[in-house]
Amino acid sequence: MRLYVLALNPTDSVTEGFLPAARRLGLDVTLLTDRPEPHLLAHPGIETLACDVRDFRAVITRISTHHAPAAVFTNSDHLQTQAALAADYFGLPGKDWRATLRTKDKAQMRRHLAAAGADAVWSAELPPGVPADDLAARAPYPCVVKPREGVASEDVVLVTGAEELSLRCKEIRARRPEAALVVEEYLAGELYTLETLGDGRVRHVLGGFHTELSPPPYFIERRMRFVASRPHDILRQVSDQLDALGVGFGACHTEYVVREGRARIIEVNYRAIGDQCDLLLERLLGVPLFDHVLRTHLGEPLPSVLGARTDGRARIDYPCAERAGTLTAAPDAVDLRSGGVELTYRPLRRTGERHELYRTNRDYLGVVRATGTDQEAVDRAVADFVAARHWEITP
């Protein structure tokens, strides 16, 4: 059976998660990408074909002129709709393309949730080339401006007044002249994630994370602690909103805030959580998460009970660049085990590389992930590890 994987740049989720899972399942893998060179380096031995993966028509043509597919899959935010349309064309299991479009397009997500009566958030769309002045005069403050189809908090910023909103829109458009923007009310509250896995019939809740962000006006995720369960009413509120969006197949990563007992979705990423949280989640829960995701795309039903562990505790920290410059000193990758805690550190930037300050997760220098059964011990292990290491950036 042949699995087609659609990808842009290589990611840890695919390299360390989904490709090993495909091997375990005995699948032949063909990777379609518009950037074949880095994949050929990252995935030697995996058949890699050049394709304009942002165009579903090109994807369908590439597959139909190659081997017959058993599944079409992607873990990319940008390619969910293309993969869904291609899977549907070939009569294969997959996500509803309408749901992938609703979740990727942040303006459409707000419109759809409001029309369904699931949640109403003040939101306005700003097409490319349209001045922000009129919108700035009527927006509620504070509010958030962001690209309509952005990812990883890139160009997401909190603004407190009309002049600042107009300025931020101009700054973003200087970097993204063709991007539509969304301006929406700021949803205050504690930030959480909900990780789910479904087969179109059943949707399992895997747990989630409590997320700590950088100080405003930016929204960089700096630390995440695993939360095995949430109050039933909170889960029901989030689940109702996911139902309204049509989310229920494969993996989904949902970000939401809770304030005074009310849960409101920030965004829905209709794929597995990234930044190595999915790698941690599989180890923490003790279930073959990546295998399960691929099996759903092969048309296999999920078990009614996943059998996940419930005693696990975890934390992820992201040492982050605070200024532009060249990384001149940083710790090496390491795996440690002590006091019932398993800790893994992986660098995300090589020494000698120069980068600007992005104010997104592209500022991450590395990732520290730790698991155990005692939260205090896990927290202490991560804090001690970070305190004992040194990252140096030379301007």
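The values are calculated or read from the model by the stated rules, or taken from the named source; none is laboratory data. Owing to the predicted nature of the structure, the values given are computational and were not obtained by experimental measurement. Reconstructed Cβ throughout: ideal geometry from the backbone, glycine too, with neighbour counts over all protein chains shown. Ligands, DNA and RNA are excluded from the accessible area calculation, which covers all protein heavy atoms including side chains. Shrake-Rupley method; radii C 1.70, N 1.55, O 1.52, S 1.80 Å.
Across the stretch 367-395, which residue is nearest to the chain's Cα centre (by Cα) among those that are of a type in the set (Lys, Arg) and closer than 18 Å to Arg346 by Cα?
In this case the residue turns out to be Arg369.
Out of the stretch 291-350, which residues are in contact (Cβ under 8 Å) with a residue 60 or more places away in the chain, open to solvent by 20 Å² or more (accessible area, probe 1.4 Å), over 20 Å from Asn361 (Cα atoms) and not in a loop (DSSP other than H, G, I, E, B)?
His292, Arg295, Arg313
Each row is one residue, and each column tells you yes or no for (1) modelled with pLDDT of 95 or more; (2) crowded, with 17+ Cβ neighbours inside 10 Å.
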{"site": "Val159", "(1), (2)": "yes, yes"}
{"site": "Arg168", "(1), (2)": "no, yes"}
{"site": "Arg173", "(1), (2)": "no, yes"}
{"site": "Ala188", "(1), (2)": "yes, no"}
{"site": "Thr193", "(1), (2)": "yes, yes"}
{"site": "Arg236", "(1), (2)": "yes, no"}
{"site": "Ile266", "(1), (2)": "yes, yes"}
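Please work out which one of (1) over 18 Å from Glu282 (Cβ atoms); (2) of a type outside the set (Asp, Glu); (3) in contact with a Leu (Cβ under 8 Å, 6 or more places away or on another chain) is the condition Thr328 fails and give its number.
Single failed check for Thr328: (3).
Of the residues that sit in the stretch 175-186 and are at pLDDT below 95 and charged (D, E, K, R), which one is surrounded by the most Cβ atoms within 10 Å (Cβ to Cβ)?
Looking at the filtered set, the residue picked out is Arg176.
Run down Pro10, Pro20, Pro44, Pro38 and say which single residue is closer than 19 Å to Gln80 by Cα and out of contact with any Lys or Arg (no Cβ under 7 Å at 6 or more places or on another chain).
Criteria check complete, one pass: Pro10.
Tell me which residues, restricted to the stretch 351-382, are open to solvent by 50 Å² or more (accessible area, probe 1.4 Å) and assigned to a helix (DSSP H, G or I).
Arg362, Glu376, Arg380
Taking the stated definitions as given, is Ala120 without any contact (Cβ under 8 Å) to a residue 24 or more places away in the chain, among the aliphatic types (A, V, I, L, M) and assigned to a loop (DSSP other than H, G, I, E, B)?
So Ala120 passes the test.
Going by what's in this entry, would Leu306 be described as under 25 Å from Ala21 (Cβ atoms), in contact with a His (Cβ under 6 Å, 6 or more places away or on another chain) and not β-branched (Val, Ile, Thr)?
yes
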